[in-house]
1. Restricting to segment 116-134, name every residue that is assigned to a loop (DSSP other than H, G, I, E, B) and more than 20 Å from residue 53 (Cα to Cα).
2. More than 16 Å from the chain's Cα centre (by Cα), under 17 Å from residue 81 (Cα atoms), in contact (Cβ under 8 Å) with a residue 12 or more places away in the chain and in a loop (DSSP other than H, G, I, E, B): does that describe residue 113?
3. Residue check, residue 105 against (1) in contact with a strand residue (DSSP E or B) (Cβ under 8 Å, 6 or more places away or on another chain); (2) surrounded by 11 or more Cβ atoms within 10 Å (Cβ to Cβ); (3) closer than 22 Å to residue 21 by Cα, all met but one. Which one?
4. All but one of (1) free of Cβ contacts under 8 Å to residues at least 12 places away in the same chain; (2) more than 17 Å from the chain's Cα centre (by Cα); (3) assigned to a loop (DSSP other than H, G, I, E, B); (4) over 30 Å from residue 4 (Cα atoms) hold for residue 146; which doesn't?
5. Residue by residue through segment 1-17, note down the ones that are surrounded by 15 or more Cβ atoms within 10 Å (Cβ to Cβ) and either farther than 18 Å from residue 69 by Cα or in contact (Cβ under 8 Å) with a residue 40 or more places away in the chain (or both).
6. Quick test for you: out of 55, 33, 16, 41, pick the one residue that is in contact with a helix residue (DSSP H, G or I) (Cβ under 9 Å, 6 or more places away or on another chain) and either at pLDDT below 95 or in a strand (DSSP E or B) (or both).
C-alpha cells in the first residue's frame with residue numbers, strides 16, 4: 001500500500017481524533033478519551049503549540065499518526081516524548097509505523113534532543129517487538145506514575161488540610 005508522511009494540519013484533527021479513539025478501544029480504554037477535536041486544534045495550533053503531529057496518508061485518508069512534544073530530562077537535557085504512534089488496523093504491516101517512527105526520529109534529531117521516550121503496554125508484544133527491532137530499549141523495570149484530575153484534587157485537598 002502506498003502512503004505519504006507529512007506534518008499534520010488543523011484540518012487533520014478530526015482524523016487524528018478518530019485514530020486516538022481507535023487506539024483507546026485497542027487498549028481496552030474505550031471511554032477514557034476526554035480530548036476533543038477542538039482541544040487538539042487549540043492545543044496544537046495556537047500561539048504556543050503543546051504538541052507536534054505527523055500523519056500517514058493513503059488514498060487521501062489519514063491512516064496513521066505520531067504525536068510528540070518536548071520534555072526536559074534532569075539527567076540528559078532536551079527530550080522528545082512520543083505520546084502516541086497509531087496505525088489503523090488495515091495499514092498494520094505496511095511499513096507505515098516504521099515510516100512514522102522514522103519521521104519522529106528525524107524531527108528529534110533535528111531538534112538536537114538527547115533522547116526520545118515513550119511508553120508501551122506490557123501486553124502489547126507486537127509493539128514491543130517492533131520498537132526493539134528499531135533499536136529502542138524497553139525498560140521493563142520502570143512503572144508509569146500518574147495523577148488524574150481526581151487524584152490532583154484529592155492531593156490538593158490533603159495538602160491544604
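1. The answer is 121, 122, 123, 124, 134.
2. It is true that residue 113 is more than 16 Å from the chain's Cα centre (by Cα), under 17 Å from residue 81 (Cα atoms), in contact (Cβ under 8 Å) with a residue 12 or more places away in the chain and in a loop (DSSP other than H, G, I, E, B).
3. Here residue 105 meets the rest and fails (3).
4. That leaves (2) as the condition not met.
5. Residues satisfying the conditions are 3, 5, 8, 12, 15, 16.
6. Every option except 55 fails the conditions.
The values are calculated or read from the model by the stated rules, or taken from the named source; none is laboratory data. Predicted model, so just to flag it, every value in this text is computed and none were measured. Because the Cβ atoms are built from the backbone with ideal geometry, glycine has one as well, and the counts that use them run over all protein chains shown.
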